[in-house]
Amino acid sequence: MESLKQYDEEAHKWLTENTSPYHWSRSHFRTIPKCDILLNNLCESFNSVILEAREKPILGMLENIRMYIMERLRTKREWIRKRTENLCPKIQKKLEKAKEDAAFNIARFSNDSKFEVTHMYGEKFVVDLEKRVCDCRRWELTGIPCSHVVCCISLTGEESESFVNQCYSKDAYVRAYEPAIEPINGPNAWPNSKKDPIHAPKKLKLPGRPKKTRRREPDEQISDPKGIKKLSRVGITHMTCSGCHQKGHTVRKCPQRLTKEAEMQHMQAGESNVQAEESNMQVEMTSILPEVQGIH
């Protein structure tokens, strides 16, 4: 917080007065949810899936979402049944990374379940395998043993997988996707309520093309669908003109090109004036010629 205060006093004041550290500081997060980050990726992913359904009427939208969830639950059930490992793949990958990092720690016994772990950079942490606690709090927050815990487990001769929280196990995954969405008949088989049909509200058409993208926060980075971030050209001085091959400008604002265009416009204007004068002289000659012939 002191570093934040030195960087931005207004942000430090706003955080201390208007919010609780339980909402934004990892050191104050609760350990029950087994998540060490706060984000809305689940909402964003679901929102991207139902983009097509959102354009439909209410019944069509709900029917589209129902069929998608029904198929997804079935796909997940079939996928987890084929797995032989007890942990989910991403959790197993994180655990393997912790096993690699455990080589940078030295664990020392205190009693049957407590250890003192020293990192190669001098940091020390207390680990209690019985209470499943490590002072770095990563094990408590995520439910996945950190490198300090894995180092202690290796001394006991036990498997690190047995110390992972049960919420990441295959059995928990099966229970989560066990409920199924029941199939239903089409609208022709639905019971008739004998009520007046509900009509859609009158839609007021606003000027312009309707927006399909969500409103972004001011501090969000804007990127194209391919994931390439758009950079501003402000401050770029090394651009090269394809006309005069000089740096600092493009061909659209090339001074030589603009000068040549101005000269061409001036020459064209001069030629048009000469042509206009010649046409006027021809008109005058045609009008004078009969008078001259009459005199002779």
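Taking segment 1-42, which residues are touching a Leu at 6+ places or on another chain (Cβ under 9 Å) and among the acidic types (D, E)? Matches in segment 1-42: D36 only.
Residue count for segment 3-26 satisfying the condition of being without any contact (Cβ under 8 Å) to a residue 40 or more places away in the chain, within 22 Å of L39 (Cα to Cα) and part of a helix (DSSP H, G or I): 10.
Of all residues being over 30 Å from L59 (Cβ atoms) and assigned to a loop (DSSP other than H, G, I, E, B) in segment 198-224, which is modelled with the highest pLDDT? Just the residue, please. Restricting to residues being over 30 Å from L59 (Cβ atoms) and assigned to a loop (DSSP other than H, G, I, E, B), the top hit is R216. Of everything in segment 27-49 that is under 20 Å from the mean Cα position of the chain (by Cα) and assigned to a loop (DSSP other than H, G, I, E, B), the residue that is nearest to M67 (Cα to Cα) is N40.
The set of residues in segment 70-87 that are surrounded by 13 or more Cβ atoms within 10 Å (Cβ to Cβ), within 30 Å of R54 (Cβ to Cβ) and either in contact with a Cys (Cβ under 7 Å, 6 or more places away or on another chain) or among the hydrophobic types (A, V, I, L, M, F, W, C) (or both) comprises M70, L73, I80. Based on this model, can you work out whether A189 counts as among the hydrophobic types (A, V, I, L, M, F, W, C) and farther than 30 Å from L59 by Cβ? Against the criterion (among the hydrophobic types (A, V, I, L, M, F, W, C) and farther than 30 Å from L59 by Cβ), A189 does not qualify.
Is segment 29-38 home to any residue that is of a type in the set (S, T, N, Q) and either loosely packed, with under 11 Cβ neighbours inside 10 Å or without any contact (Cβ under 8 Å) to a residue 12 or more places away in the chain (or both)? Within segment 29-38, none of the residues are of a type in the set (S, T, N, Q) and either loosely packed, with under 11 Cβ neighbours inside 10 Å or without any contact (Cβ under 8 Å) to a residue 12 or more places away in the chain (or both). In segment 192-206 there is at least one residue that is of a type in the set (D, E), free of Cβ contacts under 8 Å to residues at least 24 places away in the same chain, farther than 30 Å from H28 by Cα and surrounded by fewer than 16 Cβ atoms within 10 Å (Cβ to Cβ).
For a quick check of your reading of the model, give me the residue pairs whose first member lies in segment 84-95 and is closer than 14 Å to A172 by Cα, whose second is aromatic (F, W, Y) and surrounded by 15 or more Cβ atoms within 10 Å (Cβ to Cβ), with beta-carbon atoms closer than 6 Å and at least 6 apart or on different chains. Partner pairs satisfying both residue conditions: L87/Y168; C88/Y168; I91/Y168. Could you tell me whether A172 is within 26 Å of K76 (Cβ to Cβ), part of a helix (DSSP H, G or I) and touching a helix residue (DSSP H, G or I) at 6+ places or on another chain (Cβ under 9 Å)? So A172 fits the description; yes.
The values are calculated or read from the model by the stated rules, or taken from the named source; none is laboratory data. None of these values were measured; they are calculated from a predicted model. Every residue, glycine as well, gets a Cβ built from its backbone with ideal geometry; the counts of neighbours run over all protein chains shown.
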